[in-house]
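The values are calculated or read from the model by the stated rules, or taken from the named source; none is laboratory data. For clarity, every value in this text was computed on a predicted model and none was experimentally measured. All Cβ positions, even for glycine, are placed from backbone atoms using ideal geometry, and neighbour counts span all protein chains on display. Just the protein is used for accessible areas: all its heavy atoms, side chains included, with ligands, DNA and RNA removed. Shrake-Rupley method; radii C 1.70, N 1.55, O 1.52, S 1.80 Å.
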Amino acid sequence: MRLFAIAALILAAACTPAGQQQAPAEAGMERTVAPILTTEQARDHHSFARPEVARVTHVALDLATDFEARRIGGTATLDIEAADGATEIVLDSKGLEIQSIATADGATLQWALGQGDEIRGQPLTVAIGEARRIVVTYRSAPDAPALQWLTPEQTLGKRHPYLFSQGQAILNRSWIPTQDSPGIRQTWEARVTAPEPIKVVMSAENLAPEGEPAGEGRRAYRFRMAQPVAPYLIAIAAGDIAFRELGPRTGVWTEPAMLDAAARELGDTERMVEAAEALYGPYRWGRYDMIVLPPSFPFGGMENPMLTFLTPTMIAGDRSLVSLIAHELAHSWSGNLVTNAAWADFWLNEGFTTYFENRIMEALYGEKRAAQERALGWEDLQEEAGQLAPAMTRLHLDLTGQDPDAGMNQIAYEKGATFLRTLEQTVGRERWDAYLRSWFDRHAFQPATSEMFLADLRANLLSAEEAERIGLERWVYEPGIPENAVRPDPNAFADVDRAVTAYAAGGSAAELGWQQWTTAERLRFLNALPRQLPRERLEALDRRFGLSEAGNAEVLFAWLRLAIGNRYDPALPAAERFLTQMGRRKFVAPLFEALVAQGDWGRPAAERIYDRARPGYHAVTQGTVDRIMGRGADA
Ligand code: BES
Ligand code: ZN
């Protein structure tokens, strides 16, 4: 009978028409925090979980940080919903050291770590019997890829160690024993202790910002996430950090020495939240705080709910790089509220967010700046599309057997955003905005797939004729950039493009309007210059505009790429400084690629710099650069 119930459940799921949002699986389930989609597109090839049999609904962590051993450990209490007759639950694990698993009453449960692989880790199967709450006692491995443990020397203050996590895409299984799949939403809570004066923050409501005495010179911090979230969004940071309020709902954490600069740079955040709400509906997460991390943070930003994680390289002194904030904030709708069910549909997170980001930028800073940023994105897209295998230029990807990282490129971001701009242009902004807002409302706190989105467009936005004209399937399932793509305004950089032409024809650096240009314009200039330039010309640019000393990380990066491509040795010390002082993968990887591409000239420098820089990089950046340098396992 019980087996039959499971079969019926699976059958019912299989019969649901493709693209239809599914009702919560009622049969056999007690209470559902968010429905699991069971369509083929929603199947997560990067998790071992079998949520149709048993799924986690709530995680309660009680953990202690150990900075000496570089481990976090304690208990994870999991609430489970299971189909009738289910006897086991499968969790994800990567290097977790499991001590025991028991029921809430303390009765021992049998468990086993099964056959896994390098990418996904191992399935952790627990024989739950009748238990619907289990307690996993465990600790993370010292090399858990989600965690970076920094020595005091790697921080700004130099006195205390630091810890931060990065869960996306499939790394959280290295410190939390749960079902690590974006389609299996979970509410969660945590209590975490750390030695004084270390403070702990997490991507949730902060219930004791100052901490509570926990004995032995330690303090305990407590958190609660009452909304069901994808587990990759559980995040932690711990260090000598301080908080500054920015607005009624916004604030920033960072090391004390960075607090003034961070607060100044992020001063527009409250207005951004207001602009975002005016566009696509209420901000549903309470507070929007941010933390500016040490420079080894491997990304520009990470949209951890209620607490965006940020690279310090976004601090330019003039708010010129705050589109990053608009981006991470936009994820509060696209990604955190409506979430890609599997990483094959990563574009549903990033393409929507890149679109939304630009609308926030337009609302705050005007159409000109927004248009320029779109034009830069389009250039990135052209460059990346030209380098990728055609199959990887689809929006919906087949990532079976691959690291989800393989799909994390400009296609998801910029082709995705261009698709949405093309939809906007077809129906007009008014209809489009009303529709997009309704998409977020109707799918709030739920996973989504490409086919759901396309079916929803047909049901709620487009006429048959419009759908046909746009070519929805072609956009999502075919390689390349369709002909009808909305292109950026060719005049977005009219002044700079004229300057590039004049300069390329032999004009002098003295005639350039560099000092009046915005950051976007400077980037356009550096990226549009002929890739090969005589040494004297590079020298003149460097001297006149102080490029090797640029305080703006994006400008410095664009300059170093140009300089390295020309074997311009005076820029090498600046490259070495940059590469050893921060570990943001977007900057680090292309610069090592550029050096390696210069053979005899660049390879030795790359080796020497990487030897010095590698220990300071996060595992994510190390992995990427190891591949570029031909080091490591699959080199
Ligand atoms: N969610 C991403 C970061 C991410 C993607 C982490 C994939 C792990 C796997 C974040 O929102 C993001 O896109 N960050 C960008 C900045 C953005 C302005 C394009 C980054 O880090 O560069
Ligand atoms: Zn993003």
Q. Rounded to whole Å and sorted largest first, what semi-axes of the equivalent ellipsoid does the C-alpha gyration tensor of region 171-286 yield via the square root of 5 times each eigenvalue?
A. 25, 23, 12
Q | Share of alpha-carbon pairs per 5 Å distance bin for region 390-538, given as whole % | A | 2, 7, 14, 14, 13, 11, 11, 10, 8, 5, 3, 1, 0
Q: Just subtract the alpha-carbon distance of ASP569 and ALA406 from 0.36 nm times their residue separation and send over the number in nm, one decimal.
A: 55.4 nm
**Q.** More than 19 Å apart - percent of Cα-Cα pairs taken over region 260-392
**A.** 52
(Q) Give the residue list of GluC sites (Glu not before Pro) in region 207-303 that are DSSP loop and have at most 10 other beta-carbon atoms within 10 angstrom. (A) GLU210, GLU216
(Q) I'd like the GluC sites (Glu not before Pro) in region 109-207 restricted to DSSP loop residues with at most 15 other Cβ atoms within 10 Å, sorted by number. (A) GLU118, GLU130
Q) Between ALA505 and ASP489, what is the spin-label point distance in nm, taking each point 7 Å from the Cα along the Cα→C-beta axis? A) 2.5
Q) Using alpha carbon centroids, what distance separates region 485-549 and region 170-202, in Å? A) 45
Q | Length added when fully stretched, GLU40-ALA261, from 0.36 nm per residue minus Cα-Cα | A | 74.8 nm
Q) Which ³J(HN,Hα) values, rounded to whole Hz and listed in residue order, are derived for region 184-192 from phi using the Karplus coefficients 6.51, -1.76 and 1.60 in 6.51 cos²θ - 1.76 cosθ + 1.60 with θ = phi - 60°, glycine and proline given as x? A) 10, 6, 9, 7, 7, 8, 8, 10, 10
Q: Round to a whole angstrom and tell me the spacing of the C-alpha centers of region 601-635 and region 94-145.
A: 33
Q.
For Cα pairs less than 8 Å apart in space and 6+ apart in sequence, what is the mean separation divided by the residue count of the chain, i.e. the relative contact order in percent?
A. 11
Q: Note down the Stokes-Einstein diffusion coefficient of region 532-607 in µm²/s, whole number, using a Kirkwood radius over alpha carbon pairs, 10 °C, and 1.306 mPa s.
A: 129
(Q) Quick check: convex hull of the Cα atoms in region 424-472, volume per residue, rounded to a whole Å³? (A) 66
Q: Report, by chain and number, residues whose modeled amide H sits under 5 Å from the one on VAL338, excluding near sequence neighbours (fewer than 5 apart, same chain).
A: PHE445
Q: May I ask you to list the GluC sites (Glu not before Pro) in region 529-635 that are in a DSSP loop and have at most 10 other Cβ atoms within 10 Å of their Cβ?
A: none
Q) Quick one: which of LYS368/LYS415; LYS94/LYS158; LYS199/LYS586 span more than 24 angstrom between C-alpha atoms? A) LYS94/LYS158; LYS199/LYS586
Q. Out of residues 5 or more away from LEU307 or on other chains, whose amide H comes under 5 Å of its own, with H placed 1.01 Å from N in the peptide plane?
A. ASP289
Q) Between ASN527 and GLU68, what is the spin-label point distance in nm, taking each point 7 Å from the Cα along the Cα→C-beta axis? A) 4.9
Q: For region 563-578, take each phi angle, set θ = phi - 60°, evaluate the Karplus expression 6.51 cos²θ - 1.76 cosθ + 1.60, and give the result in whole Hz per residue in order, putting x for glycine and proline.
A: 5, 5, x, 10, 6, 8, 4, x, 8, 4, x, 5, 4, 5, 4, 4
Q. Of LEU388, LEU109, which has the most accessible area with a 1.4 Å probe, and how do the rest follow in descending order?
A. LEU388, LEU109
(Q) If I take every Cα pair under 8 Å that is 6 or more residues apart in region 445-536, average their sequence separation and divide by the length, what percent do I get for the relative contact order? (A) 22
Q: Subtract the Cα-Cα distance of ARG442 and TYR477 from 0.36 nm times their separation in residues, and report this length gain in nm to one decimal.
A: 10.2 nm
Q: Using only C-alpha atoms and all pairs of different ones, pull out the Kirkwood radius for the chain in Å with one decimal.
A: 25.7
(Q) Suppose a student asked you for the relative contact order of region 333-486, using Cα pairs under 8 Å spaced at least 6 residues apart; what percent would you report? (A) 36
Q: Kindly give Rg over Rh for region 479-588, based on alpha-carbon atoms, with the Kirkwood expression for the hydrodynamic radius.
A: 1.00
Q.
7 Å from Cα along Cα→Cβ at both GLN516 and ASP611: what's the point-to-point distance in nm?
A. 4.9
Q) At a Förster radius of 56 Å, what calculated FRET efficiency corresponds to the Cβ-Cβ distance of ALA391 and GLU274, to the nearest 0.05? A) 0.85
(Q) So if the hydrodynamic radius of region 541-583 is defined as the Kirkwood radius over C-alpha pairs, what does Stokes-Einstein give as its diffusion coefficient at 10 °C and 1.306 mPa s, in µm² per second? (A) 155
Q. P(r) of region 106-262 in 5 Å steps, Cα pairs, percent per bin?
A. 2, 8, 14, 18, 20, 16, 11, 6, 3, 2, 0
Q. Taking the mean number of other Cβ atoms within 10 Å as a proxy for protection, how do you rank 465-478, 289-302 from highest to lowest?
A. 289-302, 465-478
Q | Average silhouette area of region 292-367, convex hull of alpha-carbon atoms, in square nanometres | A | 5.4
Q. So, by mean Cβ neighbours within 10 angstrom, what's the order for 170-180, 190-200 with the highest one leading?
A. 170-180, 190-200
Q. Ordered by residue, what ³J(HN,Hα) values in Hz, to whole numbers, does region 373-378 give under the Karplus form 6.51 cos²θ - 1.76 cosθ + 1.60, where θ = phi - 60° and Gly and Pro are x?
A. 5, 4, 5, 5, x, 4
**Q.** Tail fraction, Cα-Cα pairs, region 218-333, threshold 18 Å, whole percent
**A.** 48
Q) When Lys and Arg each count +1 and Asp and Glu each count -1, what net charge do the other residues less than 10 Å away from THR125, Cβ to Cβ, add up to? A) 0
(Q) Just to be sure I understand: if I project the alpha-carbon convex hull of region 315-444 onto a plane and average over all orientations, what area do I get in nm²? (A) 8.7
Q.
If I take R0 = 22 Å and measure r between the Cβ atoms of THR103 and GLU52 in this structure, what FRET efficiency does the formula 1/(1 + (r/R0)^6) give, to the nearest 0.05?
A. 0.45
